[in-house]
Amino acid sequence: MASTPPGDVPGRKGEAVTSPALGAGSAPTLPDYAPVPRSSLGPALNDQGYDVGRVERNPYWVTDGKYQSAFLTTADGVVLFDAPPDIGHNLRRAVDEIAAAEGVPTP
């Protein structure tokens, strides 16, 4: 079986895939990449470590930069959706903040 030159893709099953040795001088130079856009990093967190925002009318989202959750305010109180344990203390703070601003009762 013929040997495949280093860096080439083998044409037959069983042929070895090899690459040039490090420092051999024939390795390609990697291009520079643009920095990660600020918008990809998510919203800035407040001093308490969370961010909360209105989706539309009564539903709100909340994040601690790692986990996300949501809640809905009603005249009777607040309904939580998907409340992972790690965001619990920040979720409660966000609910209390919005409930107080909207005049919604909380337990």
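Throughout, read-outs are computed from the coordinates displayed, never taken from laboratory work. What you see is a predicted model; the values in this text were computed from it and never measured. Counting neighbours? That spans all protein chains shown, and the Cβs are built from the backbone with ideal geometry, glycine included.
If we count other beta carbons within 10 Å of each Cβ, what is the order of Tyr67, Tyr60, Tyr33, fewest first?
Exposure proxy ranking, most exposed first: Tyr33, Tyr67, Tyr60.
I need the peptides 84-92, 44-52 ranked by packing, meaning the mean over residues of other C-beta atoms within 10 angstrom, with the highest value on top.
In decreasing order of mean packing, 84-92, 44-52 become 84-92, 44-52.
When a footprinting reagent is the concern and you count Cβ atoms within 10 Å, what order do Arg57, Arg93 take, fewest first?
Fewest-to-most Cβ neighbours within 10 Å comes out as Arg57, Arg93.
Suppose every K and R has +1 on its Cβ and every D and E has -1 on its Cβ; what is the size of the dipole of segment 43-102 about the Cα centre, in Debye to the nearest 20?
Approximately 60 debye in magnitude.
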